[in-house]
Amino acid sequence: MTSVNTSSPTSRRHFLAGAGAVGAAALMSGCVTSGSTGSSSQSSGGAVSLQSNLSSPQAKSAMQDLIAAYNKRGGTKASLNTVASETFRTQLPTYLTSATPPDLMTWYPGSVADGYARKDLLLDVSDIWQTGELAGYSDALKKLCTDTAGAKVFVPASYYWWGVFYKKSNFAKWGVQEPKTWDEFIALCKALKAKGVTPIGLGAGGGTAWVASAWFDYLNIRINGAAYHRELLAGKHSFDDPQVHKVFDKWAEVLPYFDPNGTALAFQDATTAMLNNRTGMMLIGTFFADAAPKDQLDDIDFFQFPIIDPSVPVAEEGPTDGYFASARTRHKAQVKDLMSYLATAEAQEIYLKGSSGTSLPTNPKAKDSGTPLVKKGRALIESAADVTQFFNRDSSDALQPTADTALTKFLARPKEITSILTAWQRDAQKIWSQ
Amino acid sequence: MAVLTANSRARRGRRRATRVPPVVLAFVLVPLLAEGFWVFWPALQGFYLSLTKWDGVSPPQFVGLANYREMLHDSVFHTAALDTVLWLALFGGLSVVLGLGAALLLQQERRGVGFYRAALFLPVVFSLTATALVWQAMYQPDGLIDRTLSGLGLGHLAHPWLADQNTALYAVIVPALWRQIGYVMVLYLAGLKGIDPALYEAAKVDGATRWQQFRHITVPQLSSVNAVVLSVIVIDSLRSFDVVWALTRGGPYHSSELLSTYMYSTAFQSLRLGYGSALAVVIFLLAFGVIATYLVRAFREAD
């Protein structure tokens, strides 16, 4: 404190100059920030801006190929702006409500899109669904892209599937078969455990707690059916209903076979554990293959989540990805042109070629990557009586953290399920009443 | 440079004038304007938002004090508040004790002491998120810590440190502390350098023991540094976010939740921006309250 009194005028002057410089820098950086947000969110010179959350290297370059191919056709031009997926997720409401929004954005159809459509934030693109290749899309997809008011607000581009993945060589070595029913599944778990293998890997730690929701989703659609599942997630039932208790009773039956580190490892580490033969199998989506070594991919196979109640129509999780446009776009005609293009077989094949190739095109005429694994996955979804998206996509991104808390707690303390479900319902109610 | 010379000429010209030179005025007002626009205005908006219900999309809805009333019955808020107090006590207390200890050990100019000072200060230079990634790898099942334990024959202690509700909070404090100690040490080193050696010599002549010297010279002489350290620690504790978010995201099931992480997840994951703003206001009041009380007391003593 005394040093201030003894400091020379020179140092004080330096301090003032420094403070002035800092202030000016702050002002200038302020200008830069506001300038860049202005230009990134509103396309310049008539080009349609596409804001993409596909930030993993393969997917990003595939998107660049796709936009380059579109621009080569002449006519409308498009520009791609890739944002880190976590940033994109938190910023999406801001994008949609800003006065100068990006024209087109990557996101999910169904309940999430409908939530924005009900707030009049999405462009009605029903007309492009009447003609061209979109008219040939399946009825299930048409329904998925329609909002509660009956307007189409979404264009799907690709989907993937979830299944219980395992290594063929390991199952052969252990002398076990793919199970079809819940009892066979439990018998398989017992057999693996007897051989000293941890039967089920999870991967709900290290920031990917949402992976555990796949177990909840599948058990719920197998026991209570897809219709009940969607209603539950929409707030029409309560998480402390007896039906939901049944889900956790079934889950508790296989809990002893779960990897005790299930909530400590992220899904990437959990899949590595499976590929290194430390765990027997895991319920996961095909996206895990992006990180798996290429030479292991041929050894990977999956089976359908076991049937629990044969009287419940079989539903599968087939999350769909695609695009919606902002209602405030100033390029309505151009953005619709781009959306129609993104729905073509040509566009979807360009994307699949550039990306890891484990997802499936939504266009019925587009060719998938053709590997046995992808063919099996396509058959799984096409044979399903109903297709659900995933916990957050069938409800909202805001509801996901409530599930993460409830499910990780259940995995650690299954005996406290009654209080866990009461707390889950209370947390979910806060989100629904928002 | 032009600004500098203009400034000095102005000083010389108006040595006896009471009017503040316009350049100095500009230096004060321009940053104040920038600060007002980029800091105070958003902060005031935050206060307003805490009185609303807002999902970030629809227009905010005024709800009065409902958000604050909700806090009274929110068990997660209670956990987060308790954890924040625990964090303040452990993280703050230990970093003062260990930082002062390190400063006392390293204050003498001996050969190689610069190396140790630099080594202790080095973690401050790293981004806390990068630090957290390294620690996450160490805490992993089969990570460095578990393997060291089993190598020492303590395999039964191996543990999913970050995934167990009983250890998660403490496992997160360690990396935060690892960084903070170096920072506090540097502050105290500077303070120790400012103490007049004559005081110690006089004490030695009077036959004071080492402990008496520490208790009656070092501690009182460091009181001005203490004010700085206290402010730094309270602010750092209450805004501790990056390391917790990177390691546990407040989990498992809220067991390592701090007010800051709860504020973030409420506002940006649950999209309850009104309630999130109310939490931010509470954090602000806590930080401001603690520091203001201390400063008022310190100034009163100085008078």
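The values are calculated or read from the model by the stated rules, or taken from the named source; none is laboratory data. Computed from a predicted structure; not experimentally measured. All Cβ positions, glycine included, derive from the backbone under ideal geometry; neighbour counts span all protein chains shown.
Filter the stretch A:382-434 down to the residues that are away from chain B (no Cβ under 13 Å), crowded, with 22+ Cβ neighbours inside 10 Å and within 18 Å of A:Ser238 (Cβ to Cβ), then identify the one that is modelled with the highest pLDDT.
So, considering only residues that are away from chain B (no Cβ under 13 Å), crowded, with 22+ Cβ neighbours inside 10 Å and within 18 Å of A:Ser238 (Cβ to Cβ), the one modelled with the highest pLDDT is A:Phe391.
Considering only residues that are surrounded by fewer than 16 Cβ atoms within 10 Å (Cβ to Cβ), among the aromatic types (Phe, Trp, Tyr) and within 23 Å of A:Asp120 (Cα to Cα), which ones fall in the stretch B:43-64?
Initial filter on the stretch B:43-64 (surrounded by fewer than 16 Cβ atoms within 10 Å (Cβ to Cβ)): B:43-45, B:47-48, B:58-59, B:61-62, B:64.
Still in the running and among the aromatic types (Phe, Trp, Tyr): B:47-48, B:62.
The answer is B:Phe62, and nothing else.
Taking the stretch A:134-170 as the search range and keeping residues that are surrounded by 18 or more Cβ atoms within 10 Å (Cβ to Cβ) and aliphatic (A, V, I, L, M), which one is farthest from A:Lys250 (Cα to Cα)? Don't jump to the end; show me each part of the working.
Within the stretch A:134-170, the first condition is being surrounded by 18 or more Cβ atoms within 10 Å (Cβ to Cβ), and the residues that meet it are A:134, A:137, A:141, A:144-147, A:152-167, A:170.
Still in the list and also aliphatic (A, V, I, L, M): A:134, A:141, A:144, A:153, A:155, A:157, A:164.
Details: A:Leu134: 41, A:Leu141: 31, A:Leu144: 30, A:Val153: 38, A:Val155: 37, A:Ala157: 35, A:Val164: 17 Å.
The extreme case among them is A:Leu134.
Could you say which residue among A:Lys353, A:Lys336 is within 30 Å of A:Ala78 (Cβ to Cβ), modelled with pLDDT under 85 and part of a helix (DSSP H, G or I)? It would help to see each step written out before you state the result.
Numbers: A:Lys336 fails: modelled with pLDDT under 85.
On inspection, the qualifying residue turns out to be A:Lys353.
Take the residues of the stretch B:124-155 that are surrounded by 14 or more Cβ atoms within 10 Å (Cβ to Cβ) and among the aromatic types (Phe, Trp, Tyr): which is farthest from A:Thr272 (Cα to Cα)?
Among them, the one singled out is B:Trp135.
Return the pair list, or none, for Cβ contacts closer than 6 Å from residues in the stretch A:48-66 that are assigned by TED's automatic domain parsing to the domain that holds A:Leu352 to residues that are of a type in the set (Val, Ile, Thr) and at pLDDT below 85, at least 6 apart or on different chains.
none
Every residue in the stretch A:273-308 that is of a type in the set (Lys, Arg) and either more than 14 Å from chain B (Cβ to nearest Cβ) or in contact with a helix residue (DSSP H, G or I) (Cβ under 8 Å, 6 or more places away or on another chain) (or both), please.
So in the stretch A:273-308, the residues of a type in the set (Lys, Arg) come out as A:278, A:294.
Across the stretch A:273-308, the qualifying residue is only A:Lys294.
Please state which of the following conditions B:Ala81 fails to meet, knowing it meets all the rest: (1) touching a residue at least 24 places away in the same chain (Cβ under 8 Å); (2) at the interface with chain A (Cβ under 9 Å from one of its Cβ atoms); (3) of a type in the set (A, V, I, L, M, F, W, C).
(2)
Condition check ((1) touching a strand residue (DSSP E or B) at 6+ places or on another chain (Cβ under 6 Å); (2) at pLDDT 90 or above; (3) more than 14 Å from every other protein chain (Cβ to nearest Cβ); (4) not in a loop (DSSP other than H, G, I, E, B)) across all residues:
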position: A:Gly115; (1), (2), (3), (4): no, no, no, yes
position: A:Glu133; (1), (2), (3), (4): no, no, yes, yes
position: A:Val164; (1), (2), (3), (4): yes, yes, yes, yes
position: A:Ala187; (1), (2), (3), (4): no, yes, yes, yes
position: A:Leu192; (1), (2), (3), (4): yes, yes, yes, yes
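Applying the selection to the stretch B:226-255, what residues are within 9 Å of chain A (Cβ to nearest Cβ) and among the charged types (D, E, K, R)?
Passing the criteria: only B:Arg249.
Based on what the data block shows, is A:Ile221 among the β-branched types (Val, Ile, Thr) and touching a Ser or Thr at 6+ places or on another chain (Cβ under 9 Å)? Steps first, answer last, please.
Details: among the β-branched types (Val, Ile, Thr): yes; touching a Ser or Thr at 6+ places or on another chain (Cβ under 9 Å): yes.
So A:Ile221 fits the description; yes.
Within the bounds of the stretch B:114-122, is there any residue that is at negative phi, surrounded by 15 or more Cβ atoms within 10 Å (Cβ to Cβ), of a type in the set (Lys, Arg) and out of contact with any Phe, Trp or Tyr (no Cβ under 8 Å at 6 or more places or on another chain)?
First, the residues of the stretch B:114-122 that are at negative phi: B:114-122.
Checking the rest, the ones that are also surrounded by 15 or more Cβ atoms within 10 Å (Cβ to Cβ) come to B:117, B:120-121.
Filter once more, keeping what is of a type in the set (Lys, Arg): B:117.
Restricting the remaining residues to those that are out of contact with any Phe, Trp or Tyr (no Cβ under 8 Å at 6 or more places or on another chain) gives B:117.
Scanning the stretch B:114-122 turns up at least one residue that is at negative phi, surrounded by 15 or more Cβ atoms within 10 Å (Cβ to Cβ), of a type in the set (Lys, Arg) and out of contact with any Phe, Trp or Tyr (no Cβ under 8 Å at 6 or more places or on another chain).
I'd like to verify a number: residues in the stretch A:171-185 that are within 22 Å of A:Asp249 (Cβ to Cβ) and either among the β-branched types (Val, Ile, Thr) or in contact with a strand residue (DSSP E or B) (Cβ under 6 Å, 6 or more places away or on another chain) (or both), how many? Break it down stepwise before answering.
First pass over the stretch A:171-185, keeping only residues within 22 Å of A:Asp249 (Cβ to Cβ): A:179-185.
Narrowing the set further to residues that are either among the β-branched types (Val, Ile, Thr) or in contact with a strand residue (DSSP E or B) (Cβ under 6 Å, 6 or more places away or on another chain) (or both) leaves A:181.
Going through the stretch A:171-185 one residue at a time, the tally reaches 1.
What single numbered condition from (1) surrounded by 23 or more Cβ atoms within 10 Å (Cβ to Cβ); (2) in contact with a Leu (Cβ under 8 Å, 6 or more places away or on another chain) fails to hold for B:Tyr253?
(2)
Going by the structure shown, is B:Ala190 surrounded by 12 or more Cβ atoms within 10 Å (Cβ to Cβ), at pLDDT 85 or above, within 14 Å of chain A (Cβ to nearest Cβ) and over 30 Å from B:Ala80 (Cβ atoms)?
Working: surrounded by 12 or more Cβ atoms within 10 Å (Cβ to Cβ): yes; at pLDDT 85 or above: yes; within 14 Å of chain A (Cβ to nearest Cβ): yes; over 30 Å from B:Ala80 (Cβ atoms): yes.
Criteria met by B:Ala190.
Given A:Thr286, A:Thr279, which one is in contact (Cβ under 8 Å) with a residue 12 or more places away in the chain, β-branched (Val, Ile, Thr) and farther than 16 Å from A:Val211 by Cα? Let's see the steps before the verdict.
On the way: A:Thr286 fails: farther than 16 Å from A:Val211 by Cα.
Answer to the selection: A:Thr279.
Is it true that some residue in the stretch B:256-278 is within 13 Å of chain A (Cβ to nearest Cβ), modelled with pLDDT under 85 and touching a Phe, Trp or Tyr at 6+ places or on another chain (Cβ under 7 Å)?
No, the stretch B:256-278 contains no residue that is within 13 Å of chain A (Cβ to nearest Cβ), modelled with pLDDT under 85 and touching a Phe, Trp or Tyr at 6+ places or on another chain (Cβ under 7 Å).
Being within 14 Å of chain A (Cβ to nearest Cβ) and either among the aromatic types (Phe, Trp, Tyr) or over 25 Å from B:Ala287 (Cβ atoms) (or both) is true for just one of B:Gly155, B:Gly112, B:Gly151, B:Gly143. Which residue is that?
On the way: B:Gly155 fails: within 14 Å of chain A (Cβ to nearest Cβ); B:Gly112 fails: within 14 Å of chain A (Cβ to nearest Cβ); B:Gly151 fails: within 14 Å of chain A (Cβ to nearest Cβ).
Of B:Gly155, B:Gly112, B:Gly151, B:Gly143, the one residue that is within 14 Å of chain A (Cβ to nearest Cβ) and either among the aromatic types (Phe, Trp, Tyr) or over 25 Å from B:Ala287 (Cβ atoms) (or both) is B:Gly143.
Restricting the search to the stretch B:29-77, which residues are in a helix (DSSP H, G or I), under 18 Å from B:Ala280 (Cβ atoms), within 14 Å of another protein chain (Cβ to nearest Cβ) and free of Cβ contacts under 8 Å to residues at least 24 places away in the same chain?
B:Trp38, B:Val39, B:Phe40, B:Trp41, B:Pro42, B:Ala66, B:Arg69
In the stretch A:309-345, how many are of a type in the set (A, V, I, L, M) and touching a helix residue (DSSP H, G or I) at 6+ places or on another chain (Cβ under 7 Å)?
Our first condition is that a residue be of a type in the set (A, V, I, L, M); within the stretch A:309-345, this holds for A:312, A:314-315, A:325, A:327, A:333, A:335, A:338-339, A:342-343, A:345.
Narrowing further to those that are touching a helix residue (DSSP H, G or I) at 6+ places or on another chain (Cβ under 7 Å): A:312, A:315, A:325, A:338-339, A:343, A:345.
Selection size over the stretch A:309-345: 7.
Could you tell me how many of the residues in the stretch A:234-272 are in contact (Cβ under 8 Å) with a residue 40 or more places away in the chain, assigned to a helix (DSSP H, G or I), of a type in the set (D, E, K, R) and touching a helix residue (DSSP H, G or I) at 6+ places or on another chain (Cβ under 7 Å)?
2
Does A:Gly175 satisfy the condition of being closer than 21 Å to A:Leu275 by Cβ and surrounded by 15 or more Cβ atoms within 10 Å (Cβ to Cβ)?
Details: closer than 21 Å to A:Leu275 by Cβ: yes; surrounded by 15 or more Cβ atoms within 10 Å (Cβ to Cβ): no.
Judged against the criteria, A:Gly175 is not a match.
Please indicate, with yes or no, whether at least one residue in the stretch A:402-418 is in contact with a Lys or Arg (Cβ under 9 Å, 6 or more places away or on another chain), free of Cβ contacts under 8 Å to residues at least 12 places away in the same chain and in a helix (DSSP H, G or I).
yes
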